[in-house]
Amino acid sequence: MSTTQRIPAEQQAREATDRLSAAGVHGVALTWVDVAGITRVKAVPTDRLASAARTGVGMSPV
């Protein structure tokens with residue numbers, strides 16, 4: 001993701017954080033299925049969503 005894409009993504013994440021926190025959501029699960037068919041997951045606390053949108057969460061290409 002380029003820098004020009006990260007800035008809007010970070011802003012959207014900040015807005016989502018407000019909505020999610022107001023709804024009582026404490027975290028978001030990021031899930032994907034790797035090429036071997038194994039489901040993988042990363043969890044991000046809602047107050048860290050903007051940071052995750054800006055820098056990523058470190059999903060390895062497996």
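Some notes on this structure:
- Dividing the Cα radius of gyration of the chain by its Kirkwood radius returns 1.03 for Rg/Rh.
- Axis of helix 3-22 versus longest Cα principal axis of the chain: the two differ by about 70°, to the nearest ten degrees.
- In this Cβ point-charge picture (+1 for Lys and Arg, -1 for Asp and Glu), the range 4-62 has a dipole of about 80 debye about its Cα centre.
- If you run the Gaussian network model on the chain, springs between alpha carbon atoms under 10 Å, then out of 33, 25, 41 the most flexible one is 33.
- Chain lengthening between residue 54 and residue 31 when straightened (0.36 nm per residue, less Cα-Cα): 6.5 nm
- Projecting label points 7 angstrom from Cα along Cα→Cβ for residue 41 and residue 23 puts them 1.8 nm apart.
- Across the range 32-42, rounded Karplus estimates of 3J(HN,Hα) from the backbone phi angles (6.51 cos²θ - 1.76 cosθ + 1.60, θ = phi - 60°) give 7, 10, 7, 5, 8, x, 8, 6, 10, 8, 10 Hz, Gly and Pro being marked x.
- Using the Karplus relation 6.51 cos²θ - 1.76 cosθ + 1.60 with θ = phi - 60°, the per-residue 3J(HN,Hα) values for the range 50-58 come to 4, 5, 5, 5, 7, 10, x, 10, x Hz, with x marking Gly and Pro.
- Most mobile of 39, 31, 17 in a GNM of the chain (Cα contacts under 10 Å): 39
None of the figures in this text is laboratory data; all of them are computed from the coordinates on show. What you see is a predicted model, and the numbers here were worked out from it, not measured in a lab. Cβ: placed from backbone, ideal geometry, glycine included. Neighbour counts: every protein chain shown.
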